[in-house]
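K.L.:
Below is one structure. I have some questions about it.
The values are calculated or read from the model by the stated rules, or taken from the named source; none is laboratory data. Only a predicted model underlies this, so the values are computations on that prediction, with no experimental measurement involved. Ideal geometry is used to build each Cβ from the backbone, glycine not excepted, and the neighbour counts take in all protein chains shown. Heavy atoms of the whole protein, side chains included, go into the accessibility calculation; ligands, DNA and RNA do not. Shrake-Rupley method; radii C 1.70, N 1.55, O 1.52, S 1.80 Å.
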Amino acid sequence: MSFKSLGLSEPILKAIQKKGYETPSPIQAKAIPPVLEGKDVLASAQTGTGKTAGFTLPLLHNLSTSGSEQRHRPIRALVLTPTRELAAQVHANVKEYSEFLNIRSTVIFGGVNQKPQVNKLSQGIDVLVATPGRLLDLESQGLLSLKHVEIFVLDEADRMLDMGFLRDIERVMKLIPKKRQNLMFSATFSKDIKKLAYSILNNPVQVEATPENTAVEVIEQKVYRVAKGKKTGLIIKLISEGDWKQVLVFTRTKHGANNLCKKMISAGITAAAIHGNKSQGARTKALAGFKNGSIRVLVATDIAARGLDIPLLPHVINFELPNISEDYVHRIGRTGRAGASGQAISLVSADETTFLRDIQKLIGMKIEVEIVEGFEPDPNASTEPIKPGQNRNQGRGRGSNSRNSGKPKSSSSDRNKSKSRSRSNDSRR
Ligand code: AMP
């Protein structure tokens, strides 16, 4: 199958060629035709599947071939994303794919001065990529109007709900016209996501794609059993002795990410932390450094790492296991992308034994276990799981870019997702 056979216009094919894509990914092959037909689409796809082009390419085609009659350009397509990083990435893609079209786009998110964003908007924008908080902020100030939106995209809908954006989404829905095309993407489909889909979409075509290269079987997974207090020493040893150059490390809390980052730097390993309490500038700088190789280790929390487009990641390390098993699959899905082989390592202390058992149950396989001399597990440590809410005072809470900061983060999807183990430590991530 070729992009041409999907029916995309010449200027878009030219941009695709410039990007070097040869064939559509499975999600693109499935989603592009119904979107071009103007249908609503509900897609099951996560980062790494090529989902962004899956909605952006046909969206640009539809906008550029239908043409707006208005003299002053109104916002005709709105893409809503949960995080600033994802918004920036989606917009970068929109810009690349629309290079040969007469389409203007911009991105807005919180945590940065609104003035440059407002200036851009005032010039007339066809495609707006936004996070919910800043979007509603600017709308309520009368600085943008969503009355002419023809296409509405909700990206990473599951993470939107996890982050407590349901109310904001509902508010946005009230600001856009009833008659419109809707596209919704989500990696998982809980009862709440289905309910949201039902309220937004109109007779949608459902498409599904699992990441091509991120099947858990193709990723080399390993567990190091280690005493809790020896994890830092072990991770530094593994990275230094393995001479690993690009390592994404997950911690459970922002405080943990900062701490580990400091210790890495003291050990002579270039590292940066990325989490909800970091300023937008710091996050962008960290990500750029990680991508260009000047930073070897990026220490991230789950929420911050979600949606980051870092292709060809050779190493992912779980400094701590996530207490939600699905997060493990998301985390390790960041390695071995685009056909490259990857290694996912987890440092597991006694109190994470239950998490490990649940993860193995979810992925349907036992992970190879190794113990490194000098970094043995503590035989006397309790296997009692870390309770959500421990170290609660570590960090200010996520969402400083959203109007949700301060609100309780437990959405009904969370409750549904994890009855036995609460996500109430979310604000620390
Ligand atoms: P996404 O899932 O949208 O975050 O995309 C993951 C990565 O795949 C990005 O780096 C894209 O540039 C890349 N990509 C998207 N579509 C294709 C394609 N058809 N062929 C090759 N790479 C692609």
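K.L.:
How about the stretch 127-148: which of its residues are open to solvent by less than 10 Å² (accessible area, probe 1.4 Å) and more than 24 Å from the chain's Cα centre (by Cα)?
P.N.:
Leu146
K.L.:
Among Lys278, Lys263, Lys254, which is free of Cβ contacts under 8 Å to residues at least 40 places away in the same chain, within 25 Å of Gly333 (Cβ to Cβ) and of a type in the set (Lys, Arg)?
P.N.:
One residue alone meets the criteria, Lys278.
K.L.:
Those residues that are within 23 Å of the chain's Cα centre (by Cα) and open to solvent by less than 20 Å² (accessible area, probe 1.4 Å), I need them from the stretch 257-286; list them, please.
P.N.:
Hits for the stretch 257-286 are Ala257, Leu260, Cys261, Ala271, Ala272, Ala273, Ile274, His275, Gly276, Gln280, Arg283, Ala286.
K.L.:
Another question, then. Quick test for you: out of Lys19, Lys14, pick the one residue that is within 16 Å of the ligand (Cβ to nearest atom), out of contact with any Asp or Glu (no Cβ under 7 Å at 6 or more places or on another chain) and over 21 Å from Ile176 (Cβ atoms).
P.N.:
Step by step, each of Lys19, Lys14 is checked, and only Lys14 is within 16 Å of the ligand (Cβ to nearest atom), out of contact with any Asp or Glu (no Cβ under 7 Å at 6 or more places or on another chain) and over 21 Å from Ile176 (Cβ atoms).
K.L.:
Right, next: Please go through the stretch 79-126 and give me each residue that is of a type in the set (Lys, Arg) and either within 16 Å of the ligand (Cβ to nearest atom) or open to solvent by less than 30 Å² (accessible area, probe 1.4 Å) (or both), ordered by number.
P.N.:
Correct list: Arg84, Lys95.
K.L.:
Give Ala45, Ala53 a once-over and let me know the one that is within 6 Å of the ligand (Cβ to nearest atom), within 24 Å of the chain's Cα centre (by Cα) and either open to solvent by less than 10 Å² (accessible area, probe 1.4 Å) or closer than 20 Å to Glu150 by Cβ (or both).
P.N.:
Testing whether each residue is within 6 Å of the ligand (Cβ to nearest atom), within 24 Å of the chain's Cα centre (by Cα) and either open to solvent by less than 10 Å² (accessible area, probe 1.4 Å) or closer than 20 Å to Glu150 by Cβ (or both) leaves just Ala53.
K.L.:
Do we find a residue being within 26 Å of Ile12 (Cα to Cα) and out of contact with any strand residue (DSSP E or B) (no Cβ under 9 Å at 6 or more places or on another chain) anywhere in the stretch 102-112? Give the steps one after another, and end with the answer.
P.N.:
Of the residues in the stretch 102-112, the ones within 26 Å of Ile12 (Cα to Cα) are 102-108.
Add one more test, that the residue is out of contact with any strand residue (DSSP E or B) (no Cβ under 9 Å at 6 or more places or on another chain), and what stays is 102.
Yes, the stretch 102-112 contains at least one residue that is within 26 Å of Ile12 (Cα to Cα) and out of contact with any strand residue (DSSP E or B) (no Cβ under 9 Å at 6 or more places or on another chain).
K.L.:
Scan the stretch 231-277 residue by residue and report those that are assigned to a helix (DSSP H, G or I), charged (D, E, K, R) and under 19 Å from Ala344 (Cα atoms).
P.N.:
Lys231, Lys237, Glu241, listed by residue number.
K.L.:
Okay, next question. Checking the condition open to solvent by 10 Å² or more (accessible area, probe 1.4 Å), of a type in the set (Ser, Thr, Tyr) and under 21 Å from the mean Cα position of the chain (by Cα), which residue from Ser25, Ser66 passes?
P.N.:
None of the other options fit; the residue is Ser25.
K.L.:
OK, next. In the stretch 28-41, which residues are open to solvent by 20 Å² or more (accessible area, probe 1.4 Å), more than 16 Å from the ligand (Cβ to nearest atom) and in contact (Cβ under 8 Å) with a residue 60 or more places away in the chain?
P.N.:
Matches in the stretch 28-41: Gly38, Lys39.
K.L.:
Okay, moving on. Report those strands (runs of 3 or more DSSP E) wholly inside the stretch 22-135 carrying at least 1 residues which are among the polar types (S, T, N, Q).
P.N.:
The qualifying strands (runs of 3 or more DSSP E) are 41-44, 105-108.
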